[in-house]
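Report on one structure; see the data block that follows.
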Amino acid sequence: MDDIDMSALRSYRIEFEHRNPDHVWNADEDLAFLKNMGGYAIDRNTGKGWLTAAGLLMFGKGLSVRDRFDNIRMDYIDESNLLPGSRWSDRLTYDGMWENNLYNFIRQVTPRLVAGLKRPFRLEGMVRVDDTPVHKSIREAVTNMAIHADYLITGILKIVKTEKGFVFSNPGTLKLPLSAIYEGGYSVARNPRIQTMFRMIGYGDNIGSGFPAILSAWGEESWRKPDLSQNEELHQVELKLWMISLMPPECTEYLQKLFGLAYAHLDNETQIILGTAYLENGVTNARMQSIINRDSTKIGHMLADLVEQQMLIADKKGRWTSYRLNESYEIQPEQFEFKDIHHEEVMLQNETDLRIYEYIKVNGFITTQQVVELTRITTAQGANAALGRMMKQNLIRKVRRGKHFIYELK
């Protein structure tokens, strides 16, 4: 018991009693309470007692935890709202300012993760108040990281908060196939005692409904589908929760600028592959299976076609292949039949205007820079003159999008 962080245990017991006011364990002394929770064990023959691994990891003093589990670290990094020259805006790591146990780590990290979310939410200790599916999903992700980690191998329980969402990673491998986890209804915790301790204060679930609940919450927000994966070589499990849409406007605009009209000729699912590679800094066959619900063979052909078109670059690492955008893609000139086009009783005979018109018709809009890239015009002034000419013909209009202007058919 000398290795227990009593402040953490008392805080936990307050949360426990608040959530379970009539529970008989509330009257127990600390040692008996820990024993009932699976945090303390006694040899019936010798009477010798000891903290279990679960009890030490959950409530141990930082030094005691590190003495026993010197192969494990806990780390939280906030990479959102960065100032120039900064690597993070907030961090929780081993700095001597807190006792490094699981309860303290999750208790301090959870409010940081939900800070800034638009939906109303507040915490009283670790008890949820004014709960929402998104907040519950974030807590579920944090809890899953802790209860499924392999504490006997070297690794980091790491959480990274970015402008696009969250990344949770822990040492170990998945104990169920990915398909079973996405489907739900199955539960095999690597650390069932730790799972029970969190469940008794409202964190996590042991009936296999946690991950489907995350999928449902993210689907309601129309965000990109959560990405759960494992690296068998590194013995690491990673969950990415993206808080961005499937194809944000800035993503589409970037891909249109990078690939030109060739992007517009791609079907919707192929565009989503490129969008995923852009937004997630790479893409794999397995990731796309979870997004567009195609089998691996079909997606393999789609990825191979994009590599052949030089839009993607394949990076082979052993049995796994990942793909990234070809940032050096060279736009190929499009072939038009330059003939008169009638539009709202206006005849286009100028080759430049025709190219601009065709581009907007295919892509929905054009920018001044894209006019320069598409035509023989070499300056922004010349592009503005061509666009102004078409506006006078009542063909296009100028529209503000954020800080920029675009031109679309009127």
Tell me which of Q393, T352, V371 sits at the most positive position along the dipole axis of the stretch 348-410, charges placed on C-beta atoms (Lys, Arg +1; Asp, Glu -1).
Q393
What does the extension gain come out to for R294 and K398, with contour length at 0.36 nm per residue minus their alpha carbon separation?
33.5 nm
Given K175/K298; K164/K225; K161/K298; K158/K403; K35/K161; K136/K164, which pairs have Cα atoms separated by over 24 Å?
K175/K298; K161/K298; K158/K403; K35/K161
Of all the Cα-Cα pairs you can form in the chain, what percent are over 41 Å apart?
33
In the chain, what percent of the accessible surface is made up of carbon and sulfur (1.4 Å probe, ligands and nucleic acids excluded)?
47
Probe 1.4 Å, all chains present, heavy atoms only: D67 accessible area in Å², nearest 10, is 110
What residue among H135, H301, H148 has the largest mean-square fluctuation in a Gaussian network model of the chain, using Cα springs under 10 Å?
H301
Nearest 0.05, what FRET efficiency do N45 and M97 give at R0 = 35 Å with Cβ-Cβ as r?
0.25
Among the Cα-Cα pairs of the stretch 143-193, the proportion with separation greater than 18 Å, in percent, is 39
Just the number please: accessible area per residue for the chain, 1.4 Å probe, all protein chains included, in Å².
52
A correct Kirkwood calculation over the Cα atoms of the stretch 205-279 returns a hydrodynamic radius in Å of 14.4
What number comes out for the charge environment of D227, summing +1 per Lys or Arg and -1 per Asp or Glu over other residues with Cβ under 13 Å away?
+3
As a test of the formula, what do you get for the chain when each DSSP H run with n ≥ 4 contributes -39,500 (n - 2.57) and the sum is divided by the residue count, at 222 nm and rounded to the nearest 500 deg cm²/dmol?
-12000 deg cm²/dmol
In the stretch 15-54, what GluC sites (Glu not before Pro) fall in a loop by DSSP, with at most 11 other Cβ atoms inside 10 Å?
E29
Gained length - E233 relative to H265, 0.36 nm times residue gap less alpha-carbon distance
7.7 nm
I'd like the Karplus ³J(HN,Hα) series for the stretch 52-63: coefficients 6.51, -1.76, 1.60, θ = phi - 60°, whole numbers in Hz, and an x wherever there's a Gly or Pro.
6, 4, 5, x, 5, 5, 6, 10, x, 5, x, 5
Which residue, N45, N104, N191, tops the fluctuation ranking in a GNM of the chain built on C-alpha contacts under 10 Å?
N45
Contour minus Cα-Cα distance for E29 and R66 (0.36 nm per residue):
10.7 nm
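The values are calculated or read from the model by the stated rules, or taken from the named source; none is laboratory data. Quantities reported herein were computed from a predicted structural model and do not represent experimental measurements. All Cβ positions, even for glycine, are placed from backbone atoms using ideal geometry, and neighbour counts span all protein chains on display. Surface areas here come from the heavy atoms of the whole protein model, side chains and all, with no ligands, DNA or RNA. Shrake-Rupley method; radii C 1.70, N 1.55, O 1.52, S 1.80 Å.
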